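Participant: Before I ask anything, here is the structure I am working with.
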Amino acid sequence: MPPRKIQDEQEVIRWFEEGRTYTWMQETYRTKYNIETTIPMWAAFRRRKGLDRRNLRDDELIPWKVEDEHRHLYPLMMLRIEARVRAGREESEHNLKRLASWKEKLKNRGLVVHYDPETEAGFFYVPHEESDTDLIREPSQKTGNKARD
């Protein structure tokens, strides 16, 4: 059996609780322990230990299948934070301030988030319409996780 890569499970569990990214964990292990790890290794550890998923899936706020090149754009990041807040998850004070500021700007400018996967930009702010009931423009067809189940 090969030697275990994870040196201190409690340390890693704490990192998950702190919201550390898999990339951060990889870099930290390389620096601290001189051990190369992979993102799938960290994800498998999370599953084995029954730790919460990092990204909350919320098809009401994110009803689209988001293309890889759009996954780290600001509107999506804000929608993910809002989804975690609505689900009662703890969020950093910094992220809560960013979210409040972003939502206030949307409200003051009368805008909602629209996603078009076939464009380079992906996300757009469009004028709020009477049919808009949340922070987003509902697509005519949901392409998110539940739509594929």
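Laboratory data are not the source of any read-out in this text; all were calculated from the coordinates shown. Every value quoted in this text rests on a predicted model; they were computed, and no experiment measured them. Don't worry about glycine lacking a Cβ; one is built from the backbone with ideal geometry, like all the others, and counts go over all protein chains shown.
Participant: Under 8 Å for C-alpha pairs, at least 6 residues apart: give me the relative contact order for segment 81-145, rounded to a whole percent.
Facilitator: 22 percent
Participant: At a threshold of 8 angstrom on Cα-Cα distance, excluding pairs fewer than six apart, so keeping six or more, what relative contact order does the chain reach in percent?
Facilitator: Computed over the chain, the figure is 21 percent.
Participant: Gaussian network model of the chain, Cα springs within a sub-10 Å range: biggest mean-square fluctuation belongs to which of ILE136, ILE13, ILE35?
Facilitator: ILE35
Participant: Report, please, the projected area of the chain averaged over directions, based on the convex hull of its C-alpha atoms, in nm².
Facilitator: Across all orientations, the chain yields a mean hull projection of 11.4 nm².
Participant: Taking loop as defined by DSSP and a crowding limit of 10 other beta carbons within 10 Å, which trypsin sites (Lys or Arg not before Pro) in segment 18-69 fit?
Facilitator: Of the trypsin sites (Lys or Arg not before Pro), the ones in loops of segment 18-69 whose Cβ has at most 10 other Cβ atoms within 10 Å are ARG53.
Participant: Also, quick follow-up: If R0 is 22 Å, what FRET efficiency do you get for MET41 and LYS105 from their C-beta distance, rounded to 0.05? Don't jump to the answer; show the numbers that get you there.
Facilitator: Values: r = 39 Å, r/R0 = 1.78.
After rounding to 0.05, the efficiency reads 0.05.
Participant: Amide H neighbours of ILE136 under 5 Å, at least 5 residues apart or on other chains, H built in the peptide plane: list them.
Facilitator: VAL113
Participant: Related question: To the nearest 0.05, how large is the calculated FRET efficiency for HIS128 and THR23 if R₀ is 22 Å and r is the Cβ-Cβ distance?
Facilitator: 0.05
Participant: Tell me, what ³J(HN,Hα) does each residue in segment 28-45 have, in order and in whole Hz, if you take phi through Karplus 6.51 cos²θ - 1.76 cosθ + 1.60 with θ = phi - 60° and put x for Gly and Pro?
Facilitator: 5, 5, 5, 6, 6, 10, 6, 10, 7, 10, 10, 4, x, 5, 5, 5, 5, 4
Participant: Shape of segment 41-129 from its Cα gyration tensor (a ≥ b ≥ c, root eigenvalues): rounded if a/c is under 1.5, otherwise prolate when a/b > b/c, or oblate? Mind showing how you got there, number by number?
Facilitator: Numbers: a/c = 2.45, a/b = 1.44, b/c = 1.70.
It is oblate, given that a/c is not under 1.5 and a/b is not larger than b/c.
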